[in-house]
1. For helix A:72-82, report the angle its Cα long axis makes with the longest principal axis of the Cα atoms of chain A; keep it between 0 and 90° and round to the nearest 10°.
2. Kindly give the distances from A:Lys160 to its copy-mates, label point to label point, with each label point 7 Å from Cα along Cα→Cβ, as nm values to one decimal ordered shortest first.
3. When the dipole is taken about the Cα centre of the stretch A:11-129, and only Lys, Arg (+1) and Asp, Glu (-1) are charged at their Cβ, what size is it in debye, to the nearest 20?
4. Of A:His38, A:Cys90, A:Gln21, which is farthest towards the positive pole of the stretch A:2-95's charge dipole, taken about the Cα centre with +1 and -1 on the beta-carbons of Lys, Arg and Asp, Glu respectively?
5. Net charge near B:Lys108: determine it from the other residues with C-beta under 13 Å of the C-beta of B:Lys108, scoring Lys and Arg +1 and Asp and Glu -1.
6. Compute the long axis of helix B:195-207 from its Cα atoms, compare it with the longest principal axis of the Cα atoms of chain B, and write down the angle in degrees, 0 to 90, nearest 10.
7. Among A:Lys108/A:Lys142; B:Lys22/B:Lys163; A:Lys85/A:Lys164, which pairs are too far apart, with a Cα-Cα distance over 30 Å?
8. Straight-line reach from B:Lys154: which aspartates and glutamates have Cα under 12 Å away, leaving out those fewer than 8 places along the same chain?
There are 2 protein chains.
Amino acid sequence: MKNYKMIIQYDGTRYSGWQAQKDTPDTIEGKIENVLTHLFEEPITITGSGRTDAGVHALGQVANFHALDMPCDTIHDYLNAHLPKDIAVCSVEEVPERFHSRLSAIGKTYLYRIHTSPVSDVFARKFYYDYQTPLDIARMRKAASYLIGTHDFKSFCANKRMKKSTVRRIDDIVITPSDSELVIAYTGNGFLMNMVRILTGTLIEVGDGRRDPDSIPDILAALDREAAGYTAPPQGLYLKEVYYD
Amino acid sequence: MKNYKMIIQYDGTRYSGWQAQKDTPDTIEGKIENVLTHLFEEPITITGSGRTDAGVHALGQVANFHALDMPCDTIHDYLNAHLPKDIAVCSVEEVPERFHSRLSAIGKTYLYRIHTSPVSDVFARKFYYDYQTPLDIARMRKAASYLIGTHDFKSFCANKRMKKSTVRRIDDIVITPSDSELVIAYTGNGFLMNMVRILTGTLIEVGDGRRDPDSIPDILAALDREAAGYTAPPQGLYLKEVYYD
């Protein structure tokens, strides 16, 4: 048996998310497992670096699986020839037996795209949050600065019954504006359920004046989902990269 | 009355082309005329620089119309607020009375995108021709060199009963490869029905070895549509820019 690592891109629009679930055939994980099961002629289970929600995209999701010896190029070509066109495998490589896409990950970067112009980008319109209103970047950067570091992000977690630790470390939040949009890149050691979308909704509320940049420490201290902003919609969110040692 | 010039982008996927036709409500021209007719409260007819076929996109289509005095910003904002998200108006400006989008045009650039990699670009997959096979760029450039200049392009015209002149001037054909695709930019003083798509189909046949680069002069001389290559599909074609004095 060998351990194979894949880097995967997908347009998440029509999927109910990454994770294969009973009675939910349209998951990205499920589509890939089906193709691999046909190729290897035995049931293959893949492990992703983490779930992405329904409608969320990926530029560099990572997944691994154990299977019999086969050239990586053969697996790579077969996957791209048989997967739907909204899922693409960028690479397949053999990795050490102990490699685990989720447990070995030491960090991740997510991007969130907010379209701030009233003029539609006709070719990308399904791949951003259509906000159509300018945002004050200076206010958003001030607010973001309070989020950097190790904090209990319970206020930014959609799972109110989360029993495990909600402490995470955010290394960087980079906000890059262009003429028509604003991209926020979040890098950290791990993210809670909906955390990037709630962080984004909160930063948007700061950027349009509804919320004070200096309110962030109080939101963190509240340890209460109700204290933070709204959950930005999934279509603007991309899992960009997963980091390993 | 004033004369207004618009620059327009659209994703042509779901439209039956630019031109408004009876019993064909889904044309780009028709959508824009409807919005302008509501705004000005009288029937507005717009004139495009030329028709684009069903499924063809635009990065810089130009159209003009005559209507009562109104601030250009008001027209611009109203259009983008009321048009579907796959049509965007980039600018609205007042132009001299004599300006005519089609008759005043002195040249155009079209782009054609060919995806040559077997790995799908999941976010752009509806906006290129999915050819999935590498093409020999040197052969294509050799063939393209024969097309530059003023020629009778009857062999590259889909309208076999064309009664007007089929002589056109091509100023430039630039072929730009990247890892996963190849973009061909055609600039000339005018293009016949399906001409860019037939030129592209012919260059593809040269690039994959089916046709000799040196066969182009014979194709031109034949003055017969049957002599040229196939018509490349519409989803890879973009009207990029229209030039005026």
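None of the figures in this text is laboratory data; all of them are computed from the coordinates on show. Keep in mind the model is a prediction, meaning the values are calculated, not measured. A quick note on method: Cβ atoms are made from the backbone with ideal geometry, for glycine too, and the neighbour counts reach across all protein chains shown.
1. Approximately 70 degrees, to the nearest ten.
2. Listed shortest first, these distances are 7.1 nm.
3. 720 debye
4. Farthest towards the positive pole: A:Gln21.
5. +2
6. Here the helix axis deviates by roughly 30 degrees.
7. Check vs 30 Å cut-off fails for A:Lys85/A:Lys164.
8. Once the sequence-local aspartates and glutamates are set aside, what remains near B:Lys154 is B:Asp224, B:Glu226.
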